[in-house]
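As structure tokens, the structure follows; a few thoughts come after it.
Please treat every number below as a calculation from the coordinates, not as lab data. Predicted, not measured: the structure shown is a model, and the values here were computed from it. Note that we place each Cβ from the backbone using ideal geometry, even for glycine, and neighbour counts take in every protein chain shown.
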Amino acid sequence: MFNIILFGPPGSGKGTQSEKLIEKYGLKHLSTGDLLRSEIARQTPLGLEAKNLMDKGQLVPDEVVIGMISSALEANPDAKGFLFDGFPRTTAQSEALDKLLKLKQTEIGVLLAMEVSEEELVKRLLNRGLTSGRSDDNNETVIRARIVEYKDKTTVVANYYSQFDKVVTIKGEGTVEEIFSALCSEIEKRLS
Ligand code: AP5
Ligand code: MG
């Protein structure tokens, strides 16, 4: 099994690159943002609680997303590997993920961190907000709050995995194909 964390701030291209990586490497895509939006669409109690926080650009509680990831891991016993997108986002989530993977006798192979300037992130998300229907994309104040939340609570995740020598930084600006090829080359170094 080879498991990847695709890491980066809001708008850095995690979803875009995940689609390509899961196809190339046959991985199961687990995006906590997508899972939460599906709860919102189905108007579940969890979705209604999460929506309040997501609309303000704030993280939802650790236990909520850890529970969702735990169920998703259990629901996919035959996966060749997982690609985590937007998870883990705190140290507590990182520790919980490592424990869950250990129970499956596997671990994170690499954390690929995409770096993009703040102005580019805001530009991309405002642009996507014109068509995405995502309520956290259509307002610059909320977009900037998401970036602050990332800096305050999520950058520590890369520090956590760097103690195990698992972090690789990639330039997240350029064409989608250029970034994809840089990601693949780092993955292949670790697969062989
Ligand atoms: P989540 O859904 O994870 O959103 P995010 O991290 O804010 O990031 P995005 O999905 O907006 O961006 P992305 O990096 O996937 O980029 P994309 O490829 O779409 O989380 C949403 C919310 O859910 C959080 O705020 C939080 O409330 C909650 N949540 C989720 N997970 C959680 C967790 N683990 N713990 C607690 N709370 C959690 O690209 C963005 C745009 O840029 C697109 O329009 C794309 O076409 C464009 N683009 C992509 N690549 C390029 C490129 N190379 N050049 C130009 N444009 C590009
Ligand atoms: Mg995304």
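Report, by residue number, each residue of region 5-14 that is more than 11 Å from ligand 2 (Cβ to nearest atom) and aliphatic (A, V, I, L, M).
Ile5
Can you tell me which residue among Ile22, Ile5, Ile40 is β-branched (Val, Ile, Thr) and under 21 Å from Leu121 (Cβ atoms)?
Selected residue: Ile5, the only one of Ile22, Ile5, Ile40 that is β-branched (Val, Ile, Thr) and under 21 Å from Leu121 (Cβ atoms).
Is region 66-79 home to any residue that is within 15 Å of ligand 2 (Cβ to nearest atom) and touching a Lys or Arg at 6+ places or on another chain (Cβ under 8 Å)?
no
What tally of residues in region 42-67 results from selecting those that are within 12 Å of Pro88 (Cα to Cα) and acidic (Asp, Glu)?
2
Could you go through region 15-29 and let me know if any residue there is touching a Gly at 6+ places or on another chain (Cβ under 6 Å) and within 16 Å of ligand 2 (Cβ to nearest atom).
yes
State the number of residues belonging to region 134-192 that are closer than 22 Å to Leu36 by Cβ and among the β-branched types (Val, Ile, Thr).
Residues meeting the conditions: 9.
For region 1-58, what are the residues that are in contact with a His (Cβ under 8 Å, 6 or more places away or on another chain) and touching a residue at least 60 places away in the same chain (Cβ under 8 Å)?
Passing the criteria: Ser18, Ile22.
Picking from Leu191, Leu121, Leu100, Leu112, which residue would you name as being within 22 Å of Ile22 (Cα to Cα) and within 16 Å of ligand 2 (Cβ to nearest atom)?
Leu112
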